[in-house]
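The values are calculated or read from the model by the stated rules, or taken from the named source; none is laboratory data. Since the structure is predicted, the reported quantities are computational estimates derived from the model, not experimental observations. With ideal geometry, Cβ positions are generated from the backbone for all residues, glycine too; neighbour counts draw on all protein chains shown.
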Amino acid sequence: MSIPAAAASAQAPWQRLLAQAICDPAQLLRALSLPDHLLPAARRAAALFPLRVPAPYLARIAAGDAADPLLRQVLPLDVECEPQPGFSADPLAEAATQPVPGLLKKYHGRALLIATGACAIHCRYCFRRHFPYADAHAGGSRLEPALAAIAADASIGEVILSGGDPLTLGDLRLAALAQRLAAIPHIHTLRIHSRLPVVLPQRVDAALLRWLAPLSLRKVLVLHTNHPAEIDADVAAALAGLTHSGVTLLNQAVLLRGVNDNADTLIALSERLHGIGVLPYYLHLLDRVQGAAHFDVPQASGEALINAMRARLPGYLVPRLVREIPGASGKTLIA
């Protein structure tokens, strides 16, 4: 994607990387020296859910390896086009949890703002790959009703910024939103769910930390990291900046067939996360969204993996195995 020179000069480095992300399956295959026979299927699947991979993440994928666990998360496949029983467009029934567009109220004490529909990377297992972002995000004219609903509900103490990925928004917008939330007396915690510090660590720059560090709210950032190979020196440096700015760092991973469905990988992930100051939080069983059935791992296998991790790790490095069930009062813990 090319952008005008004047616009490029006004962009931060992370914004330029975001704008230049690979969106063409043919370009992805060329960049990774993958065979051309993968292209027709990739184009068919990308027509249903577009491809998007930024260069910093691409650099961590092994060239020539179609089974690379990072590639598997982003390469469109023909199997995504096949309907599967038990898999739906809205697996968490989120359409029924919006008091106003873009605001999800599923659990007591918390509210989730769909800040944007944009992401830096399109993960093929994304449970919101069919989400109607055009009608259900809290941007533009929808922001005021969403903030009014939060202000009117004194039971809400924590606001979660999600998407899409909220860190795809510029810092002026994010800082203004954070200050609006901090001005609501009953809000004490801002939680941000983001994959950008992992897939595009350049996003954690001085401009982000300038407004985040002095924010009066408690600050939590929940990362989404599925494999230890996703973590490089740039990611570690980005997360150190967040830690120094008073942000609590947690990680949630999704258990994915062919990516991290073995004990050695999950143990290495927990140890790598701990080494850079991130606490493993959740290991999610797959949300059964249309197009992602090939990633599904049976619950019994997940339980066996958690038991294997408990045998080799201290308890604080073993994430909680959970499944999200529509209508439940919180994540369902798999014992």
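Laid out as a table, the results:
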quantity: Residue among LEU255, LEU266, LEU313, LEU286 that alone is in contact with a Ser or Thr (Cβ under 7 Å, 6 or more places away or on another chain) and closer than 29 Å to THR189 by Cβ; calculated: LEU313
quantity: Residue match in the range 312-326 (condition: at pLDDT below 95 and loosely packed, with under 15 Cβ neighbours inside 10 Å); calculated: yes
quantity: Every residue from the range 257-272 that is of a type outside the set (A, V, I, L, M, F, W, C) and either surrounded by fewer than 18 Cβ atoms within 10 Å (Cβ to Cβ) or closer than 15 Å to ARG72 by Cβ (or both); calculated: ARG257, GLY258, ASN260, ASP261, ASN262, ASP264, THR265, GLU271
quantity: Near pairs, Cβ below 6 angstrom, 6+ apart or cross-chain, from the range 196-216 (over 11 Å from PRO13 (Cα atoms) and in contact (Cβ under 8 Å) with a residue 60 or more places away in the chain) to any residue that is hydroxyl-bearing (Ser, Thr, Tyr) and in a helix (DSSP H, G or I); calculated: VAL199/TYR57
quantity: The one condition in (1) in contact with a Ser or Thr (Cβ under 7 Å, 6 or more places away or on another chain); (2) under 18 Å from VAL222 (Cβ atoms) that ILE325 fails to fulfil; calculated: (2)
quantity: Filtered residues of the range 2-19 (kept if surrounded by 13 or more Cβ atoms within 10 Å (Cβ to Cβ), part of a helix (DSSP H, G or I) and modelled with pLDDT under 95); calculated: ALA8
quantity: ALA154, sole failed condition from (1) part of a helix (DSSP H, G or I); (2) among the hydrophobic types (A, V, I, L, M, F, W, C); (3) surrounded by fewer than 18 Cβ atoms within 10 Å (Cβ to Cβ); calculated: (1)
quantity: Entirely in the range 157-250, the strands (runs of 3 or more DSSP E) that have 2 or more residues that are surrounded by fewer than 22 Cβ atoms within 10 Å (Cβ to Cβ) and of a type in the set (A, V, I, L, M); calculated: 218-224
quantity: Residues being touching a Lys or Arg at 6+ places or on another chain (Cβ under 8 Å) and small (Gly, Ala, Ser) - total across the range 247-289; calculated: 2
quantity: Residue in the range 65-81 that is loosely packed, with under 15 Cβ neighbours inside 10 Å and over 22 Å from ARG257 (Cα atoms) present; calculated: no
quantity: Residues within the range 292-332 that are under 29 Å from LEU104 (Cβ atoms) and either in contact (Cβ under 8 Å) with a residue 12 or more places away in the chain or not aliphatic (A, V, I, L, M) (or both), tallied; calculated: 24
quantity: Condition check for GLN15: assigned by TED's automatic domain parsing to the domain that holds LEU221 and either free of Cβ contacts under 8 Å to residues at least 40 places away in the same chain or not aromatic (Phe, Trp, Tyr) (or both); calculated: no
